[in-house]
Amino acid sequence: MPADAGSRAGTTTRSGTQRTAPSPRNVSCREVGPVVVRSSPRDQLTVLRLRLTGSHATSQRRPAMAGGAEPCANSAHLLRNGSRQASAAMATNKKKSADRRQVTILFADISGFTALSQRMEPDDVHETMNRCFDAIGGIIRDRGGTVDKYIGDCVMALFGAPVALEHAPRQALNAAIEIRNRIENLNAEMDLPAELGVHIGVNTGLVVAGDLGDEVKHDYTVISPAVNLAARLYDAADRGETYVGRSTYRYTEKDFEFKELKPLVLKGIDEPVPAYELLSREERVYRIRPGDEDAELSSGLVGREQELTVITDAFVRVATAPGRVLAVIGENGLGKSRLMAEAMRSQAAGAIRLLEARSISTGGSLPFHPFIDLFAGWAGARDRSSDAANSIAVRDAVRTAGAKDPLETAATLASMMGLPLSEDERDTLRDVAGDALEKLIHRNVEALLGSLADRAPLAIVFEDLHWADQSSLAMLEALLTLTIRKRVLFILVCRPEYENTSDRILTHCAKALPEAIERVRLQPLTAIQCDTLIENLFGTDQLPAPVRDLIKRDTDGNPFYIEEVIRALIEKDALRRVKDRVEATSLLPSIELPATIEEVIMTRVDHLDADARHLLQVASVIGRRFRLKILERMLPDIEGIDGLLAVLNERRFVLPAATRASRSRKLVRFERDREYAFRHALIQDSVYGSLMNRDRKRLHGVCATAIEEVYADRIQDAYGMLAYHCTRGEDPVRAEEYLLKAGEEAARTAASAEALQYFREGYRVYLEIHGERADTQKKAQLEKNIALALVNTGNLVESIDHFDVALRLYGQRVPTSSAGTWLQVVGDLSAVMLHAYVGSRRGGPRRDHSDEHDMFSCLYSRCRAVNIVDPNRSFFYNMAAMRYLGHVDPAAVDQAPGMYAATGAFFAFAGLSFRIGKRFLRIAESLARAERPLDRILCRTMGFVLHFHAGEWSREYELDDSLLEQALRYGLLWDADVYLGMLCERNLRQGSFEAAEVNLARLGELSRVFGYEFARSNELAMRGFLRLEQRRLDEARTELQAYYDLRHEDPQRILALSGLARVDALGGDLERARARIDAAARLVVRARQLVPFYLGAYRTTQLLVDVESLAAEPRGSGERRARASAKRARRTALKIARELPQT
C-alpha cells in the first residue's frame, strides 16, 4: 500500500475494501508520498516503508528470481538500452527542460504486506519487498519502460518517457501481464505466510515530461490528467485485476483480450470514465520488419496508376478541349506530391506548359505567396543576383508572353512580388490605391494566364492549397473561370477538411463549375500494393513473411508511414542485408511497431544527440522551410551547425531546399541564403508538438528578434512574419506593433483579406494590453480600418456596425432609437437644404483638423456601404454626412466632390427631388479639381445615376471607356458597379440587347477579376431581367433565383421576387406568381420605407399578375383587384414622374 494509506477512505472496490489513490500532487512529483508517523505498535512498518521507499527510488539491480529463475527471456535488448539511456539521463545532476510527449503510465500496487508484517520479522519483510520490487523494476525496464517512482508499496512506471518508445501502450500491458504472473510465482517460490497480490492501472495520454524541483534537488517526472486517471484506475481495480483507460485500449484492442466495464465513477473526475479489464494472461510480442542501413530507400510509384492516368489524360485533353479543374485530395502522407511529381515527368506533360504554385505551412498571413512562387518560376526570377535582375526577368517574360498591356502587367506583377519598379511602371501605378491595386492584380494575372493559354495549353498545379492565404484564394476563385473559355487546367493538390482554404475553393467549384471539376481521392494502399512498396524499398522480395505482414497491418497503407518505420528499423540495426536477402538481427524480435506516425518520428528524434535534437526543435518553430541565417542567429551557442544539418539531412529529417528568394512585400525578401526544409510536414508537426508551451513561446520570440536583426534594412517586408512569431510568442507589445504595421502594409499593397485579419488581431491585442486606458482616437482609427477592410472585401453589412462604433468614438452622435433617428434627420435635412440653397454659414471659422477629416472619411465610406445594402438607413446617413460637410472646408476634404455627387444621385434614386439632386451635382462639379481625375470620375458616374432616374437617357451622360477604366484603376468598384447596372437597365428597357450583353460582360469582370462581390449580384439580376425581356423564361428564372439566393436584404429580395413572379405569370403559372407576389408583399410591409426603384418593380409586377389573372378568371371576378393594383402602380410612378420635364 502507498504510504498515505493509513487513513484511506474514498473509492469502494467490489470486494468492499476502502481505497484512495495517491493525490495528483503526489503522483506528479518525484517525492515520496506523505508518511504519517503514529505512536502505535505499527510504527515499525511505517519506518520500514520509509526505508524501502528511499532505497528503491534509486535501485537499478536485477537479481535472479528465487529458485534460479532467469529474467524474462523475450526482453528487448534495444529497449533495455533505451532504458539505460533514460536512467543515465535521469542520473545526471543538470536540470533538463521539459517537453510534451505521448506516454503510457502504469501503476502497480502490491497488496498483502500488512498481513505479511504481522507474521514475519521486519528484516524478512524488507527482503521480500525488495525481491518484489526488483522483479517489477526488471520487468518494466525489459519492456522499454522507466520506473518513475515508488510510493510506498506502489510502483509508477512510464512507457515513452524520457525516451520515446515504439508501441508504448502494448509494452505497458505486456509489463502488466508479466508483473501479475511474476507476483503469483513469487508466492509459490517463497512460501510466504500470507499471499501477496497486485492490482494495476494503465492509461495513455499526452503529458508534460521533465525535471521538477530546484537546481540542487530535482527529479524527472510527468504531469498530466492522464497520470491521475491511471492512478484512479489502479485504485478501482481489485486484487489480480488490471484496469485500462480508453486510449490504451484503442491502441491495443487487437493485441489483447479485454472486457468492457461499466463506466467508473472515480474520485476527482466529474464524469464516469470508460474502462476495460485486461483479461489476457500471456504477453503479445509482435515483431517488426526489415530494412537495410546502407540502402537508399526508394521506390517507383506504387498503387497510384489509375490516379496517374487521370492526371495525364487531363494533360492530353486540355490541348484540344476547354479547361478543367482537377482536385487531388489525400490525407497527409498518402503520396499526393509524389503522384504529381510523376505526372509532371510524364510524356503528356511535355506537350503542354506547366506552372507550379506552392503554398507554405506558415503562409496563411502571407498574401499571394503561391502566386509569387508561380510567377517567379515562370519568369525565371529565382536565385538571381539582385532584385533589379529579377524585375528585368519579369518584364522580359511579360513582353514575350504577348500581354495586352505589357507595362501595366509587368508593373502589377512586380508590385505583387515586391520587386523594384521602373519609372514608367511607377507612373502607371502612381494614383492606384491599395485596394484598387489588388483588383488590378487580379485582372492582369487573369489576362496574362489567358495569353499564355492562347499560345499553348496551360496546366497550373497548386501544391498544398490548404495552406494558401485568403488573398490567393480570392484570386484563384476568379481565375478558375478561365477554364470556360481557355485551354487551362487547374490542378488543386490538398488535404481534406480544411474548411477555410481548400474546401472553400472546392465548394466554389462545385457551385460555379459543376461540369468542369473532377476529384481524385487518394486512398491507403491495399495489402498487395504494400507488399510491392516494401519490396521496392528493400530492393528484394526475399523478406520474412512475419515482418511483411506486420508492416502491412500496422501502417494502414500509408506510404510515408511505411517508409519511416523501415527507416527507423535501419537506424536501429534491427535488419541487415545478406547478398540479395534482408535478414533480421538479434535485435529485431524485441522491437515493436509504433502506433502512430508521430511516435515513429519521435523515436528517431530521441536517438539524435542533444544539439541535433535542439536544432531540429528550433527549426520547427521557424517553419516548414527555414533559412540558415535565422537558424544561426537563434542558436549562437551551438557550434558546427553545418555539420548538424548534414547529419539531419543524412538521417532524412531535413533536406536542402532550392533557394527561392522571396519577392513580395508580404513575404520577407531574403537575399540569397541557404535554405532547408523539413522532409515532410508530419516531421515538423511532431517535433513542434513535442515542445513545451513556454518553450514554444520563448523560441517564437527569439525567432522574431532574429528576423529583426538579420533583416533590419527591410523590416517592412517582414511585418507579417514578425506579427506571426510575436503573436505565437505571446509578446503583446511587439505583437500589437507588428500586427498593425502588417495591416497597414497589407492595405497599402492590395491585400484586403490579410489587412482585415491583421487589424482585427491587432485591435484585440491593443485592448488586451491597454484595457480601459485605451486611447479613444486610436480605437476609432482601428475600428475605421477594420470597417474599410470589410468594405474592400465585400462585407458591407458588417462594415456599417464598425463605422458606427468609430463615429461614436470620434464624437459623432449615432442615434440608437427610432425617435432619436428621426429627430436627428429633421435637423440634418434642414441644415442640408439651407446649405444647398443659401450656402455655407458665414459665422465662425471652418474646422480643419485631421481628426475631422478622419471623421468625414468614415461618414463618407459608411454612406457608400449603406447605399448598397440598406436604402432605408441610407437617407439618414447621407443627410448626416452632408450636414457635417457644411462644418468643414470642402476644398480641404478629398472626398467632398464625391460626397456632393453621391448625395445628388441619392436624392434622385430615393425619388426625393431631382432638382435638389442636380443642385448638389453642380456643387460637386464646382469643387472638382482638374489635377485630380478621381473627382471627375465621381461626378460623371453619379451624374449618370441621377439622370437615369430622372428619365434623361441621352448618351451624353455615359462614361467613355477610358474614364470607366480609370475608375477601376482608382478602385471605384462601387461606382463602376452602380453605373454598369443602371446602364444595363437602360439598355434592356430600350431593347438594346446587344449593348446590354456587352455591359453584362463588364459587370462579370468586376465580379470575377476584381473580386467585387456585389457586382456578381448585379450581374445576376440584370441578366435575369434581360432574359425576361427576351422571353427566355427558363434562363431568366435560373438567374433571378440565383440572385435571390445570393442576397438577403429586403429590397434586393423584393426585386428578385418581382422578377420571378413576372417569369411565372408570362409562363402561365399564375398560382406560383401569386405566391411570389404575396411573399414580396410581406417584405414590403417589413421594409416600411422603399425607394421607388424597388417599390416600382414590385407594383408593376403586381399589376401584371392581376391583369393576367383577370384574363384567366371568369368575367368580373378579378376586375376590382386589377383596378386597385393599377392605382397603386400609378401612385408609385407619380412619385418620380411628377418631376419629369414636360416634353
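Residue by residue through segment 142-169, note down the ones that are closer than 28 Å to Arg613 by Cβ and modelled with pLDDT under 85.
Asp142, Arg143, Gly144, Gly160, Ala161, Pro162, Val163, Ala164, Leu165, Glu166, His167, Ala168
Take residues that are more than 27 Å from the chain's Cα centre (by Cα), farther than 30 Å from Asn1018 by Cβ and at pLDDT below 85 and tell me which of the helices (runs of 4 or more DSSP H) falling wholly in segment 776-855 contain 3 or more.
818-837
When segment 712-730 is examined, which residues are found to be among the acidic types (Asp, Glu) and closer than 18 Å to Arg760 by Cβ?
Listed by number, the list holds a single entry, Glu730.
In the list Ser451, Ser471, which residue meets the criterion of being more than 31 Å from the chain's Cα centre (by Cα), among the small types (Gly, Ala, Ser) and in a helix (DSSP H, G or I)? Full working, then the answer.
Values: Ser471 fails: more than 31 Å from the chain's Cα centre (by Cα).
Of the residues listed, the single one that is more than 31 Å from the chain's Cα centre (by Cα), among the small types (Gly, Ala, Ser) and in a helix (DSSP H, G or I) is Ser451.
Of the numbered conditions (1) part of a helix (DSSP H, G or I); (2) within 30 Å of Thr727 (Cβ to Cβ); (3) not aromatic (Phe, Trp, Tyr), Arg399 satisfies every one except a single condition; which is it?
Condition not satisfied by Arg399: (2).
Determine whether Ala403 is closer than 23 Å to Phe1010 by Cα, in contact (Cβ under 8 Å) with a residue 24 or more places away in the chain and either in contact with a Ser or Thr (Cβ under 7 Å, 6 or more places away or on another chain) or surrounded by 20 or more Cβ atoms within 10 Å (Cβ to Cβ) (or both).
The answer is yes for Ala403.
I want to confirm something. Restricting to segment 628-651 and keeping residues that are assigned to a loop (DSSP other than H, G, I, E, B) and buried (at least 17 other Cβ atoms within 10 Å of the Cβ), which single residue is modelled with the highest pLDDT?
Looking at the filtered set, the residue picked out is Leu635.
For segment 1028-1043, which positions are free of Cβ contacts under 8 Å to residues at least 24 places away in the same chain and either surrounded by fewer than 21 Cβ atoms within 10 Å (Cβ to Cβ) or more than 14 Å from Asp1064 (Cβ to Cβ) (or both)?
Those that are free of Cβ contacts under 8 Å to residues at least 24 places away in the same chain and either surrounded by fewer than 21 Cβ atoms within 10 Å (Cβ to Cβ) or more than 14 Å from Asp1064 (Cβ to Cβ) (or both): Arg1032, Asp1034, Glu1035, Thr1038, Glu1039, Gln1041, Ala1042.
When you check Gly418 against the structure, is it among the small types (Gly, Ala, Ser) and over 18 Å from Gly323 (Cβ atoms), yes or no?
Details: among the small types (Gly, Ala, Ser): yes; over 18 Å from Gly323 (Cβ atoms): yes.
Yes; evaluated as a whole, the condition is true for this residue.
Show me the helices (runs of 4 or more DSSP H) entirely contained within segment 210-324 in which 1 or more residues are in contact with a Ser or Thr (Cβ under 8 Å, 6 or more places away or on another chain) and at pLDDT below 90.
Helices (runs of 4 or more DSSP H) meeting the threshold: 225-236, 246-252.
If I filter segment 584-627 down to residues being over 29 Å from the mean Cα position of the chain (by Cα) and modelled with pLDDT of 85 or more, which single residue comes out as surrounded by the fewest Cβ atoms within 10 Å (Cβ to Cβ)?
Of everything passing the filter in segment 584-627, Asp611 is surrounded by the fewest Cβ atoms within 10 Å (Cβ to Cβ).
On the basis of being at pLDDT 90 or above and outside any helix (DSSP H, G or I), does Arg1037 make the cut? Please lay out each step first, then the result.
Working: at pLDDT 90 or above: yes; outside any helix (DSSP H, G or I): no.
Against the criterion (at pLDDT 90 or above and outside any helix (DSSP H, G or I)), Arg1037 does not qualify.
Answer yes if at least one residue in segment 1065-1073 is part of a helix (DSSP H, G or I) and closer than 29 Å to His508 by Cα, and no otherwise.
Looking for residues that are part of a helix (DSSP H, G or I) and closer than 29 Å to His508 by Cα, one finds none in segment 1065-1073, hence no.
Could you grab the pairs with beta carbons closer than 6 Å, sequence gap of 6+ or different chains, first residue in segment 640-654 and in contact (Cβ under 8 Å) with a residue 12 or more places away in the chain, second one in a loop (DSSP other than H, G, I, E, B)?
Arg652/Arg679
Quick one: in segment 488-535, which of the residues that are under 17 Å from the mean Cα position of the chain (by Cα) and of a type in the set (Ser, Thr, Tyr) is modelled with the lowest pLDDT?
Tyr498
In segment 418-434, is there at least one residue being surrounded by 23 or more Cβ atoms within 10 Å (Cβ to Cβ), assigned to a helix (DSSP H, G or I) and either assigned by TED's automatic domain parsing to the domain that holds Ala341 or among the aromatic types (Phe, Trp, Tyr) (or both)?
No, segment 418-434 contains no residue that is surrounded by 23 or more Cβ atoms within 10 Å (Cβ to Cβ), assigned to a helix (DSSP H, G or I) and either assigned by TED's automatic domain parsing to the domain that holds Ala341 or among the aromatic types (Phe, Trp, Tyr) (or both).
Could you tell me which of the residues Lys511, Lys439 is over 21 Å from Ala321 (Cβ atoms), free of Cβ contacts under 8 Å to residues at least 24 places away in the same chain and in a helix (DSSP H, G or I)?
Matching residue, one of Lys511, Lys439: Lys511.
Of the residues that make up segment 545-557, is at least one within 18 Å of Arg338 (Cα to Cα), within 32 Å of the chain's Cα centre (by Cα) and at pLDDT 80 or above?
Yes, the conditions are met somewhere in segment 545-557.
From Asp142, Asp148, Asp134, grab the single residue that is within 18 Å of Asp99 (Cα to Cα), charged (D, E, K, R) and in contact (Cβ under 8 Å) with a residue 60 or more places away in the chain.
Working: Asp142 fails: within 18 Å of Asp99 (Cα to Cα); Asp134 fails: within 18 Å of Asp99 (Cα to Cα).
Going through Asp142, Asp148, Asp134 in turn, the sole match is Asp148.
Please count how many residues of segment 245-276 are touching a residue at least 40 places away in the same chain (Cβ under 8 Å) and not polar (S, T, N, Q). Spell out how you get there, then give the answer.
Of the residues in segment 245-276, the ones touching a residue at least 40 places away in the same chain (Cβ under 8 Å) are 245, 247-248, 251-252, 255-256, 266-269, 273, 275.
Checking which are not polar (S, T, N, Q) leaves us with 245, 251, 255-256, 266-269, 273, 275.
The total comes to 10.
A quick yes/no check of all residues on (1) surrounded by fewer than 20 Cβ atoms within 10 Å (Cβ to Cβ); (2) modelled with pLDDT of 90 or more:
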{"residue": "Arg1072", "(1), (2)": "yes, yes"}
{"residue": "Gly1096", "(1), (2)": "yes, no"}
{"residue": "Gln1102", "(1), (2)": "no, no"}
{"residue": "Ala1112", "(1), (2)": "yes, no"}
{"residue": "Lys1127", "(1), (2)": "yes, no"}
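So which of Ala902, Ala910 is in contact (Cβ under 8 Å) with a residue 60 or more places away in the chain, crowded, with 20+ Cβ neighbours inside 10 Å and hydrophobic (A, V, I, L, M, F, W, C)? Talk me through it step by step, then tell me what you get.
On the way: Ala902 fails: in contact (Cβ under 8 Å) with a residue 60 or more places away in the chain.
On inspection, the qualifying residue turns out to be Ala910.
The values are calculated or read from the model by the stated rules, or taken from the named source; none is laboratory data. Everything numeric in this text was worked out from a predicted model, so none of it was measured. As a convention, Cβ positions derive from the backbone with ideal geometry for all residues, glycine included, and neighbour counts pool all protein chains shown.
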